[in-house]
Amino acid sequence: AKFNGKNQVKVYKSDCEQATASYKLALDLIPAVEQDQFVLHFQPIVCLEKDTIIAAEALVRWNHPEHGFIPPDKFIPEFEKNGCIAILDEYVFKQAIVFIERWEDKPEEFRLSINLSSAGFASEVIKSHIKHYWQTAPNLLKHITLEITEQTLVNNVKQTQKNMQLYREMGLKISLDDFGTGYSSLSYLHMFTFDSLKIDRSFVSSYEAGHNSSTILESIINLANSIGINAIAEGIETQEQYKLLQKLGGNYGQGFLMAKPLIEEDFVTASTQSPRFWIKNKGA
Ligand code: C2E
Ligand code: MG
Ligand code: MG
Ligand code: MG
């Protein structure tokens, strides 16, 4: 260990510093949950045929006392690595229920989507909360959709199928997020039962560039419709994309053209207005 030691130590040190930074962020998680440093923002999901808001996706943001505002892409992968993501997912689930309870004037059909990590979807703690609400306030669960990704489906097929069935029986809906980005999206549609799929925004944003993407979009929408589930297009940013999706028979969409993720108050206000109203007002 005496020879060469210095260089090796440098390598270890930088690895170690990275690991330490990630570990520190994970250690911040529990106090952050206790101090309500996480906030949900709400991005409208609109019906492209009727021009109305029918749902929203809850997207978490961290208002960190030292590092300021942190977007989910910066901390969710760290929590996943450190095995503590289910703690955040549990918090988000509870906040989603609180929001549904607090919003008295919500439309009967309104659904709030929350994103669950693979560990969150398998979590016994979250399962026990869901069972609790099913016994005490089943109407609240009828307003919630769980968004999961293919990562969840590959991990433990049997258990995932069981949980999906249980949650759907309890009134939750299940949506397959980022559809088309994984290795075997088609086979998952065959092996699991979903209520909807979300077409990854890469298919929507590459439309202007040609690349057959309108054909691919159309195929995904037709596929979804033919198995009786809804297709939700993510990442609609332009009028052209909005119109194309309407033309292709896409049922639902979400994107910055209609609205960015909004704070609760702004979302509740926006939900009474037609998306066409916002688009016009942006002069897009
Ligand atoms: P996602 O579930 O696919 O969420 C959609 C992401 O696309 C959001 O980013 C949203 O702000 C962004 N987006 C929406 N419309 C547009 C658009 O028109 N253009 C562009 N360029 N982007 C758009 P966000 O909020 O940064 O979230 C990133 C990811 O973090 C989410 O991807 C989801 O995988 C994860 N995430 C967010 N909240 C939670 C949570 O509460 N729990 C877990 N486990 N993951 C979460
Ligand atoms: Mg999502
Ligand atoms: Mg997505
Ligand atoms: Mg994503």
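The values are calculated or read from the model by the stated rules, or taken from the named source; none is laboratory data. A quick note: this is a predicted structure, and the numbers were derived from the prediction, not measured. FYI the Cβ positions are ideal-geometry reconstructions off the backbone, even for glycines, and counts take in every protein chain you see. Accessible surface areas use protein heavy atoms only, side chains included; no ligands, DNA or RNA. Shrake-Rupley method; radii C 1.70, N 1.55, O 1.52, S 1.80 Å.
Couple of notes before you dig in:
- Residues located in segment 92-137, provided they are more than 19 Å from Leu166 (Cβ to Cβ) and of a type in the set (Gly, Ala, Ser): none
- Against the numbered list (1) assigned to a helix (DSSP H, G or I); (2) within 14 Å of ligand 2 (Cβ to nearest atom), Ser187 comes up short only at (2).
- Scan segment 81-102 for residues that are among the charged types (D, E, K, R), modelled with pLDDT of 95 or more and over 19 Å from Thr136 (Cα atoms) and the total you get is 1.
- Residue among Ala86, Ala96 that is in contact with a Ser or Thr (Cβ under 6 Å, 6 or more places away or on another chain) and within 15 Å of ligand 1 (Cβ to nearest atom): Ala86
- Looking across segment 231-284, the residues that are open to solvent by less than 40 Å² (accessible area, probe 1.4 Å), within 21 Å of Phe179 (Cα to Cα) and in a helix (DSSP H, G or I) come down to Gln241, Tyr242, Leu244, Leu245.
- Residue that is nearest to ligand 1 (Cβ to nearest atom) [pool: residues in segment 107-125 that are assigned to a loop (DSSP other than H, G, I, E, B) and free of Cβ contacts under 8 Å to residues at least 40 places away in the same chain]: Leu116
- Of the residues making up segment 177-199, those that are in contact with a Lys or Arg (Cβ under 9 Å, 6 or more places away or on another chain) and either in contact (Cβ under 8 Å) with a residue 60 or more places away in the chain or surrounded by fewer than 16 Cβ atoms within 10 Å (Cβ to Cβ) (or both) are Asp177, Thr193.
- Candidate set: segment 1-40, residues that are in contact (Cβ under 8 Å) with a residue 12 or more places away in the chain and either of a type in the set (Phe, Trp, Tyr) or at positive phi (or both); chosen: the one least open to solvent (accessible area, probe 1.4 Å): Phe38
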